[in-house]
Structure formats: structure tokens, C-alpha cells
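Inspection log for the structure reproduced underneath, given as C-alpha cells.
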Amino acid sequence: MPMKLASIDIGTNSTRLLIAEYKNGKFISLARKMVVTRTGRNLDRDGKISGYSAEKTLEVLSGYKQLMEKEKVSKYRAIGTSALRQASNSDWFLSYIYEKLGMQVEVVSGDREAYFSFTGAVRDIDIESILRGVERFRDGNCSRSKVSYKDRSCWENVLVVDIGGGSSEFILGSYNCSVILTESIDMGCVRLTEKFINSNPPPIEDLNNMRVFIRKELKNTIEKIKKNGFSFIIGLAGTITTLAAIDLNLREYNKEKIHHHILSLSKIKQIYKNLCSLSLQERKKVIGLEPERADVIIGGTAVVLEIMELLEENIIVVSENDILNGIIYSLADF
């Protein structure tokens, strides 16, 4: 008998919902929603979730609850990530949501968040098809481009990178979802924007300072990843899917076109250079970039660039399946 499940992710930048039906051994997505709520707005400065952000998130969750009831969802799981881990008033926020909606929100650790993201991205993907696409797309500048995808001993690990608003997760594992390494860094597009992007277009000095900061934060994690090795990178979350939408020149968001789109390092550099040259109002008009994400896209893109350059990788595979899918899998009884 078909079973409807739902997952909710309350992140630093956005609050998202996935409703899926488990039928005949497969998950079918019925609804996927995202609203920018900025739960982590000014969190580094104030140390707590603001009343405005709490009200905005409550409003969005109320709408999600109504949709879940309409779809007759039998089981759901709502999690809070970086912002709720850090905020001094997280307990108040959780009680507030429960009091108003009867909705229980679970704050998960960085490692647990990473695991959900990894299983969501890797489970049920066609590895051979992706590896063939990766091989075709790479050029001679990538050291791994000379290794045949057929040599499975060289392709046993995949790196999943989830760049959020308040933190970035790195998960290295095998195709059967066995996790080898998880790292969570308190660095995301919202935090970087609040710390470094004080004017638009941003001065080159601010961008350089941001780059130095990102590299310093990434150093230990990158060394661990290099030590273990990986076949390719799967990128998750709004920054990376937005870069794919810009690359594809999508006036309307198209999940099917974005899912497993391959982005090149050179293309991301080109997009980044253009974004950095624009005012905030001009960025809001860029095709493929949602206006509400225009203020934080530069910080998020800078993280993507530094990851790829430090790992000497010139392509990244974009995934629409992410932490929401991982949470759904955790709900299914099989």
C-alpha cells in the first residue's frame, strides 16, 4: 500500500519541504517547496534567532503543515541544522513552533546532517551513467581525467558537498552509502555575506579577504579528503543548484534539467566574475538566480570555487536529491 512521507529542513537561509510517496519499492516526489526564511539572519552578531525570522519560519511551516494534511502524509520528520545548533534561544524557538503548530523539530548534529545529505544524494543513482558523463566532460587539466571509469578501484569513493547558509558539510563515502568521512564547517553563504560583503559590487579587497578566510577554514578538511581520494564531487543545496540554473539560462526553475547537470570550474569562475561586477539590484535580474538569493550567492559561489581549486577538480555534478531525500529514507520502514 502506498505510503506518503514528508521531510522538512529548517536551514540558516531557507526552510524546505519534500513530500514523497513510497510505492512499489520506489519514492515518487509529490511536492517540493522552498522559501527563504533567513532563520540565521545576523546570528553571528546577535547569537540568537530574531523575532522576525521566527515569525517568518512559523508562517512557512504553517503552510507546509496544511499541505501535509491535504496530502494525507502518514509520517514526517522536521530537522533544524546550523542556525538552530548555534542559536542561544533554540529551545525557545522549538517550543514556540510546537506551541503554535504542534510540530516537533529535531536539532541534528553536523555529522547527522552530513549523513542525511549523503544518503539523499547517492542512494539509487546510476553510478555508471554519471561516471561516463564525468569522463566525457573532464579535460586534460584534471589529474583524475586520465583514469578510466571502468577501473572501479580508482572510483570507489564519491565526495558529497552541501553548502548551506550557516555551514558546509563534506561527506566522503562509497556508492552503497557507507560513509568514510564526515566534516561540518561553520561556514556558509549567509555567514560569509554578513562577514565580508558589505557593499555592492563588493570591493576586490573584501573578496580577497573572503577567499583567504575560506581557504583557511577548508584546509584541514581538504587534506583529509585528499588522503582518502575520491572519484567525483556531487554538489547539493541552493548555491550549487542556482549556479546550474544560471549556466542553463533557465528563466523558470526546472528540476529535471538541473539534476545531474555537470558544472565546469571555468564556467563557475565566469559566473562568479560576472556576479561580483554587479550591484545587488542587477544581480536580482540575472537569469536563473532567484532574487531572494541574490545577496548571498557570491559568498556561496566563492566556497564552491575554493573547494574545487584546492581539490584540483574541474567539474562538479549537481544533485537535486539532497538532505530532504535523506530524511525521507530515514522514515521508511524497510
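The values are calculated or read from the model by the stated rules, or taken from the named source; none is laboratory data. What you see is a predicted model, and the numbers here were worked out from it, not measured in a lab. Cβ placement follows ideal geometry from the backbone for every residue including glycine, while neighbour counts extend to all protein chains displayed. Just the protein is used for accessible areas: all its heavy atoms, side chains included, with ligands, DNA and RNA removed. Shrake-Rupley method; radii C 1.70, N 1.55, O 1.52, S 1.80 Å.
When the residues Phe196, Phe170, Phe213 are ordered by accessible surface, computed with a 1.4 Å probe over the protein chains alone, the sequence from largest down reads Phe213, Phe196, Phe170. Surface analysis of region 257-300 yields an accessible area of 46 Å² per residue, using protein heavy atoms and a 1.4 Å probe. Ligands, DNA and RNA excluded, the heavy atoms of Lys100 present near 110 Å² of accessible surface to a 1.4 Å solvent probe.
3J(HN,Hα) couplings calculated from phi for region 64-70 with the Karplus curve 6.51 cos²θ - 1.76 cosθ + 1.60 (θ = phi - 60°) are, in sequence order, 5, 4, 4, 5, 5, 5, 4 Hz; Gly and Pro show x. Residues whose amide H falls under 5 Å from that of Met187, counting only those 5 or more places apart or on a different chain, are Ser167, Ser168, with hydrogens built in the peptide plane.
Cross-linked pairs Lys26/Lys75; Lys216/Lys284; Lys33/Lys75: Cα-Cα separations exceed 20 Å for Lys216/Lys284.
Considering only alpha-carbon pairs that sit under 8 angstrom and 6 or more positions apart, the relative contact order computed for the chain is 20 percent. Of Lys285, Lys48, Lys269, the residue with the greatest mean-square motion in the GNM of the chain, using alpha carbon springs below 10 Å, is Lys285.
The apolar share of the surface of the chain, taken as the fraction of accessible area on carbon and sulfur atoms (1.4 Å probe, ligands and nucleic acids excluded), comes to 46 percent.
Ellipticity at 222 nm from helices only: DSSP H runs of n ≥ 4 in the chain, each -39500 (n - 2.57), divided by the residue count, give -13500 deg cm²/dmol. Solvent-accessible area of Val317, all protein chains in place: 0 Å² (probe radius 1.4 Å, heavy atoms, ligands and nucleic acids excluded). Which distance in Å, rounded to a whole number, links the C-alpha centroids of region 294-334 and region 75-131? Cα centres, region 294-334 to region 75-131: 15 Å.
GNM remark for the chain: springs join alpha carbons under 10 Å apart, and the peak mean-square fluctuation among Ile171, Ile323, Ile307 falls on Ile307. If you model the chain as an ellipsoid using its alpha carbon gyration tensor, with each semi-axis the square root of five times an eigenvalue, the axes come out at 29, 26, 18 Å, biggest first.
Over the chain, what is the percentage of antiparallel beta bridges among all DSSP beta bridges, to the nearest 5?
Bridges in the chain are about 70 percent antiparallel.
One way to sum up the overall shape of region 197-316 is the equivalent ellipsoid from its Cα gyration tensor, whose semi-axes run 24, 20, 10 Å, largest first.
Within the full protein context, the accessible area of Ser50 is estimated at about 40 Å² for a probe radius of 1.4 Å.
For region 1-82, the per residue solvent-accessible surface stands at 48 Å², with DNA, RNA and ligands left out and a 1.4 Å probe. Sequence-ordered 3J(HN,Hα) estimates for region 105-113 from the Karplus curve with 6.51, -1.76 and 1.60 and θ = phi - 60° stand at 10, 9, 8, 9, 6, x, 5, 5, 4 Hz, glycine and proline given as x.
The listed peptides 75-83, 112-120, ordered by packing as a protection proxy, come out as 112-120, 75-83 (highest mean of other Cβ atoms within 10 Å first). By the Cα gyration tensor, region 170-212 has an equivalent ellipsoid whose semi-axes, rounded to whole angstrom, run 33, 10, 8 from largest to smallest.
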